[in-house]
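For reference, the structure is listed below as structure tokens.
The values are calculated or read from the model by the stated rules, or taken from the named source; none is laboratory data. Keep in mind the model is a prediction, meaning the values are calculated, not measured. Heads up, the Cβs are rebuilt from the backbone with ideal geometry, glycines too, and the neighbour counts pull from every protein chain shown.
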Amino acid sequence: MEILTPIGVFLQRCSRNQIILISFVLVVLVAIIDYASKEKLSLSILFLIPIAISTWYGGRRTGILFSLLSATALFAVDTSEHIHNNHFVLIWNILTRFGFFLITEELFHEIKNRLDNEWYLSRTDSLTRLLNKRGFMEEARKLFRLSVRHKRPIAVAFLDLDNFKELNDLLGHHERDRVLQVVGKTILVSLRETDVAGRLGGDEFVMVLPETDDTGARTVLGTLRESLRQETKQYDWLLTVSMGVVSFDSPELGVEEVIKLADSLMYRVKKGGKNGILFETFSKKMEVVCSDA
């Protein structure tokens, strides 16, 4: 879950160590300002800023650490301005401040968890656990922008199940859902971590393979096709797949247009007898330089 502000985007890109450093600097800065202001103005509430940042971007343990560090810094400022002879008061002050900061940290942690969960559910297909159309298009656009910026190859595959309607009529809705779940799981297992896959609806699936030319796409998707054949064979499903795959040295088209190209190739496979893959490779001038199964 990313807070869509310039500061939020910057912090989202920081490593955990960088978040710890930023939070530490903020704690020290707030403590210095609080000390400099003497008793004229209390700035203790500003310690919530590093606690919020460390929890949101560094995780719960980091948030707890900075809750303790903030309470200690506030205690140090307080004792430098007042002389406490009562040890009970000293202990009570640091514990209550740490408790307050810790409760605040837990609230930040819970809010982030809920927002992350809502974000995940809004972009995930509940049946297959692949990305839904919304989530897939968001991730695909990011990969396409990187491909264009760095002039790197990319491939898109459109997959459709053959005879799915007949299988649905024969086995019923429950078994249909099971088929889609198995297909989704197989796609997730067969693709690489850098690849993105989604279910557009029904029995239509689409995949984006970054840093992948025609040769790489043939290897990855050939493996996927064989894995799907083995999985469906275990369940005695008379099910095959048709795929259309387009690859680019550097795409000149948007995601939507490329998906349409892959979709049209998939339909050519359907018309040609189903159960196959058709590949097309485009040059930078959008000329087809290779087209075959």
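Summary table below
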read-out	value
Where ARG114 falls short, out of the listed (1) at pLDDT below 90; (2) part of a helix (DSSP H, G or I); (3) over 15 Å from the mean Cα position of the chain (by Cα)	(1)
Only listed residue being more than 26 Å from the chain's Cα centre (by Cα) and of a type in the set (Val, Ile, Thr), chosen from THR212, THR223, THR219, THR232	THR232
Any hit, the range 203-218, residues being more than 28 Å from SER126 (Cα to Cα), free of Cβ contacts under 8 Å to residues at least 12 places away in the same chain and surrounded by fewer than 20 Cβ atoms within 10 Å (Cβ to Cβ)	yes
When residues of the range 117-139 are limited to those that are in contact with a helix residue (DSSP H, G or I) (Cβ under 7 Å, 6 or more places away or on another chain) and outside any helix (DSSP H, G or I), the one farthest from VAL255 (Cα to Cα)	LEU127
Residue in the range 59-80 that is modelled with pLDDT of 85 or more and on the phi > 0 side of the Ramachandran plot present	yes
Selection status of GLU105, surrounded by fewer than 18 Cβ atoms within 10 Å (Cβ to Cβ) and among the acidic types (Asp, Glu)	no
Residue in the range 37-44 that is modelled with pLDDT of 85 or more and assigned to a helix (DSSP H, G or I) present	no
Yes/no for LEU161 being under 20 Å from THR186 (Cβ atoms) and of a type outside the set (Gly, Ala, Ser)	yes
